[in-house]
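These notes are about the structure you will find just below.
The numbers here are math on the coordinates, done by the rules we state, and not lab data. Quantities reported herein were computed from a predicted structural model and do not represent experimental measurements. Positions of Cβ are backbone-derived with ideal geometry, glycine not excepted, and every protein chain shown enters the neighbour counts.
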Amino acid sequence: VSLSIAPPNAVCVLLPVLNEAQNVEELLDRIELALRGISYSICMVDDGSHDGTVEIIQRRIERPGCRLHLIQRVKMSRGSVRGSALHQSLLWGLGDASHQYFVEIDGDLSHRPEELQAGLGMLVRGECHIAIACKYMPGSRVTNRPWGRLMVSRVCSGAVGLLITRRVHDYSNGYRFYTRQAGESVARHKIRYASPIYLTEVLALWLRRGFRIGEFPTTYVGRNEGVSKLRLIDLFKAALAIFEVSLRYRITGFRPASRTCLPGKPATEAGDIRVASVCSGERP
Ligand SMILES: Nc1nc2c(ncn2[C@@H]2O[C@H](COP(=O)(O)OP(=O)(O)O)[C@@H](O)[C@H]2O)c(=O)[nH]1
Ligand SMILES: [Mg+2]
């Protein structure tokens, strides 16, 4: 069954990439196929890939009718700033009033574009404001993920569940869908984390703001993962950050007052990321 999301309403796909030359072409092909007949644009944020990812994207942007927008940034830190990339692309997407639905998806083919319609469908039918592709519910599958990584992810999700709420089962999944209203609430709040903890921080904010959160079963395909990829220091920082987010959720409750930031200013922890260039294909 095909969804109907017709102009002037459109979907905005937020896609952070770092060295995904192996995956990006196939990913974009599959997104195109999955969203055929739906009005959408894709905003990709790259933080200095050196494997040809950017060149592949730029070649695609030149194709007629291409709905890609690319923000190239320069980052100084070693750690992942995927959260800040998501935030930057969200702010870009909100700048276009036609974007009514937002999707966050990874660039490494771990998230199957064939599930885009399932997530969007939940929003369009008004079942929830946020739909999460959940790795931990009946019907979900996780393939090709080393047990070490599986454990880290499960323990993290379980711990956050205990600290925040067990209503959500998958706190670490970067495959999620939300309404414009939910996106705007993120833009109005001063987000702290540029790292992947951004995902948890934003979810805690949405829970606090009373947004309805739904989950649907997903098949997650692990890619080049392993505990070794996570540096010990990053794991430690993540644990501290999760604790901080939970405390804020429980005690200060993500108070809206005095925390409003200027729209257009993306989240950075150290202010060490800057936009180097921007290019865009045709808009839908
Ligand atoms: N723009 C940007 N994207 C990133 C960064 N780190 C990771 N990504 C992308 O974010 C997505 C998830 O990252 P990944 O390394 O697969 O994380 P994992 O699945 O949790 O191991 C992928 O599409 C990466 O290419 C970063 O610092 N900047
Ligand atoms: Mg991945």
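DSSP beta bridges fully contained in the chain are about 40 percent antiparallel. Counting every other Cβ atom within 10 Å of each residue's Cβ, Trp92, Trp147 order from fewest to most as Trp147, Trp92. Over the chain, dividing the summed -39,500 (n - 2.57) contributions of all DSSP H runs of at least 4 residues by the number of residues returns a 222 nm mean residue ellipticity of -10500 deg cm²/dmol. Label-to-label distance, Ala239 versus Arg63, with points set 7 angstrom from Cα along the beta-carbon direction: 4.5 nm. Oblate is the label for segment 179-237, because the ratio a/c of its alpha-carbon gyration tensor axes (a ≥ b ≥ c) is 1.5 or higher and a/b is not greater than b/c.
Placing a pseudo-label 7 Å from each Cα along the Cα-to-Cβ vector at Leu230 and Trp147 gives an inter-label distance of 1.6 nm. Each listed q (0.15, 0.16 Å⁻¹) maps to a log10 I(q)/I(0) for the chain, found by the Debye formula over equal Cα scatterers with no solvent: -1.21, -1.43. Here the residues Glu104, Glu26, ranked from fewest to most Cβ neighbours within 10 Å of their Cβ, fall in the order Glu26, Glu104.
According to the square roots a ≥ b ≥ c of the eigenvalues of the Cα gyration tensor, what is the shape class of segment 55-154, taking rounded for a/c under 1.5, prolate for a/b larger than b/c otherwise, and oblate for the remainder? It is oblate, given that a/c is not under 1.5 and a/b is not larger than b/c. Taking the fewest neighbouring Cβ atoms within 10 Å as the starting point, the ordered list for Tyr220, Tyr249 is Tyr249, Tyr220.
The length gained on full extension between Arg166 and Glu114, counted as 0.36 nm times the residue separation minus their Cα-Cα distance, comes to 16.0 nm. Between Ala21 and Asp51, full extension at 0.36 nm per residue minus the direct alpha carbon distance yields a gain of 10.2 nm. Taking the Cα centre of segment 81-204 as reference, the dipole from Cβ charges on Lys and Arg (+1) and Asp and Glu (-1) amounts to some 400 debye.
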